[in-house]
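The values are calculated or read from the model by the stated rules, or taken from the named source; none is laboratory data. Note that the structure is predicted; figures quoted are calculated from it, not measured. FYI the Cβ positions are ideal-geometry reconstructions off the backbone, even for glycines, and counts take in every protein chain you see. Keep in mind that these areas ignore ligands, DNA and RNA; they rest on the heavy atoms of the full protein, side chains included. Shrake-Rupley method; radii C 1.70, N 1.55, O 1.52, S 1.80 Å.
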Amino acid sequence: MKVFVAGATGVLGRPTVRALVEAGHEVRGTARDAEKAELLRSLGAEPVEVDLFDPEAVPTAVASSEAVLHFATKIPPIMRMRWIGAWRENDRLRTVASRHLVDAAMAAGARVFVYESVTFIYGEHGDEWIGEDGSLSISSAALKSTLDAERETKRFTESGGRGISLRFAGFYAPYAKSTLDTIRLARRRMFPVPGDGSNFFSSIHIDDGATAAVAALQAPAGVYNVTDDEPLRMRDYAKAIIDAFGLKPPRRVPKWLFGLVGGGPAKYLLSSQRVANARFKEKTGWAPKYRSAREGWQQIAQELPAQEK
């Protein structure tokens, strides 16, 4: 299949391109500069330079594609996530760029459109498992925009194609800045556990996210959760990190203080979200390599260069 990947050199895009090529697909992906273009060539893909906010340029880039994957994001660093302004470009990628990519995919006659959504949009669910029909809790523009992109994806389905929104759990990857920042904070005992840490946190290793993206090309239209098999309570998730790197236990902080310091994003880290992946596994046959963050973080520790640990 001829596949176009927007955000091809990003945290999820990079391993997805590799997995697509290994699966025998012909891949073209966006690259902003010469270095990233060379990265895509090394993975076996053709680099494309295009402004995703340009409605005239996007159709040319997407032309002849049979599938379009919208994985372009601009997630701010952990220490800036509380600032609304830090999310502006990411919001535009989810709204404006999504519209342009869906229009271009329809014009190209593509059969599949896949969007990278997030599980953070689910509200507080305690210990219950959350399926795709679980209630949502949207209180920030940073999450409202992902629903805008999901609506654009549904528009692709309504035009006769298969629009697929993949609601990914929290990523971790050996090259992701957020993962490296998390490790550095954990080393300083500054990656705190709010309250008793009993709330569930759902996550997924980036390599499993990539194989899910490839599996999605054959999935029926709809919304799917993509997470590992065993979401952990926050205290156990933190323990998975410190065990992997041999660190001291994290500090506990009152929930009110965590919310005050963390700003808007802290609300979603305080919520208990035990997200289920059963629908996606049933429809595609996909399964994560790393059953939980316990195994996944051990792999991260093994893969990271010594200077990053």
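Observations on the model:
- If you filter the range 21-40 down to residues that are within 14 Å of His70 (Cα to Cα) and among the aliphatic types (A, V, I, L, M), you find that the one that is surrounded by the fewest Cβ atoms within 10 Å (Cβ to Cβ) is Ala31.
- Restricting Arg18, Arg14 to residues that are within 23 Å of Glu150 (Cα to Cα) and of a type in the set (Lys, Arg) narrows the list to Arg14.
- Where strands (runs of 3 or more DSSP E) sit wholly within the range 122-233, none has at least 3 residues that are small (Gly, Ala, Ser).
- Which numbered condition Asn90 fails, given (1) open to solvent by less than 60 Å² (accessible area, probe 1.4 Å); (2) polar (S, T, N, Q); (3) at pLDDT 90 or above: (3)
- Some residue of the range 71-86 being modelled with pLDDT of 95 or more, part of a helix (DSSP H, G or I) and open to solvent by 40 Å² or more (accessible area, probe 1.4 Å): no
- Of all residues in the range 41-56 being in contact (Cβ under 8 Å) with a residue 12 or more places away in the chain and open to solvent by 60 Å² or more (accessible area, probe 1.4 Å), the one that is nearest to Leu217 (Cα to Cα): Glu46
- Pick from the range 111-149, criterion open to solvent by less than 10 Å² (accessible area, probe 1.4 Å) and not hydroxyl-bearing (Ser, Thr, Tyr), ranking: modelled with the lowest pLDDT: Gly123
- Among residues of the range 1-11, those that are in contact with a Leu (Cβ under 9 Å, 6 or more places away or on another chain) and open to solvent by less than 40 Å² (accessible area, probe 1.4 Å), counted: 7
- Taken over the range 150-194, the residue count meeting the criterion of being over 17 Å from Ala240 (Cβ atoms) and modelled with pLDDT of 95 or more is 19.
- Filter result for Ser65 (modelled with pLDDT of 95 or more, more than 22 Å from Ala176 (Cα to Cα) and either open to solvent by 50 Å² or more (accessible area, probe 1.4 Å) or assigned to a loop (DSSP other than H, G, I, E, B) (or both)): yes
- Number of positions in the range 9-40 that are more than 17 Å from Glu89 (Cα to Cα) and touching a residue at least 24 places away in the same chain (Cβ under 8 Å): 19
- Pairs with Cβ under 6 Å, 6+ apart, first in the range 159-180 and open to solvent by 50 Å² or more (accessible area, probe 1.4 Å), second small (Gly, Ala, Ser): Arg162/Ala221
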